[in-house]
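Let me begin by presenting the structure, written as structure tokens, before commenting on it.
The numbers here are math on the coordinates, done by the rules we state, and not lab data. Keep in mind it's a predicted model, so treat the numbers as computed, not measured. With ideal geometry, Cβ positions are generated from the backbone for all residues, glycine too; neighbour counts draw on all protein chains shown.
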Amino acid sequence: MKNLILNKYRLILWMVAIPSLICAQELDEKALLQKQNKAQLFVAEGNESFQNEDFITAEMAYRKAMSQQSNTVAASYNLGNGFYKEGNFDEALYRHEQAAKDATSKTEKHKAFHNIGNILMQNQMCKEAVEAFKNALRNNPNDDETRYNLAMAKECAKHEKEQDEKDDEDSDDKKDEKDEKIKNSKTKIKKTSKVTIAKTKKIKVTKINKMETIKKTKKENQKKIKTKATRETIAISNKNNHSHGLAI
């Protein structure tokens, strides 16, 4: 009897809880729908201002749209177009990448990637632009304009590659030339050092020879003086001896 009453109580609880859960879900869906509607209204306002070339007002409207629904593709895409027109390519690229990420249809993805490719071309990023145009064609293979832009991007990327290779070759040549100059400079210094050492040795030998010559001359002069003095002494002695002889 007790279990029967308990089960009945649980059944009543479930019957009350389920309608409440459904009601809360309906409220969330209603709030989401309201946000979507507001976002669409702001996008429409932004488009009108954009057509009137009032980008400042258009930007404010698009940002309001994204504040209501952050993944509003139209707001991101159109905001990106506005920045592109103003020449702010970095911000334009960011907004179109956001649009490509949030896009749910192939048409939206194609347009976003196509514009990403155009922005990358403006930034001289040809290799990256090739990939963007390829992504655009994956979502719409029949767009001749995208196909044409892809061909232009490939040509640009090829030129960039050739230029990079040429720059690398020039850099290597300059490095080789620099190394050759350093090598020649070292060789010249080495030769100069050898010549200097050779000259120093020659000067040293010359000085030694000169000193030896002076020394030899001096010695010879001293010898001559000594010889002369000896002769004079002998002469005097002989003279004295002669006088003594006379005295005897």
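Of note:
- Largest to smallest principal axis extent of the C-alpha atoms in region 29-165, angstrom: 57, 29, 22
- When you restrict to C-alpha pairs under 8 Å that are six or more residues apart and normalise by the size of region 29-165, the relative contact order lands at 15 percent.
- Volume per residue of the C-alpha convex hull in region 119-185, rounded to whole Å³: 70 Å³
- Here is the list for region 43-132: GluC sites (Glu not before Pro) lying in DSSP coil, each with at most 16 other C-beta atoms within 10 angstrom of its C-beta, are E53.
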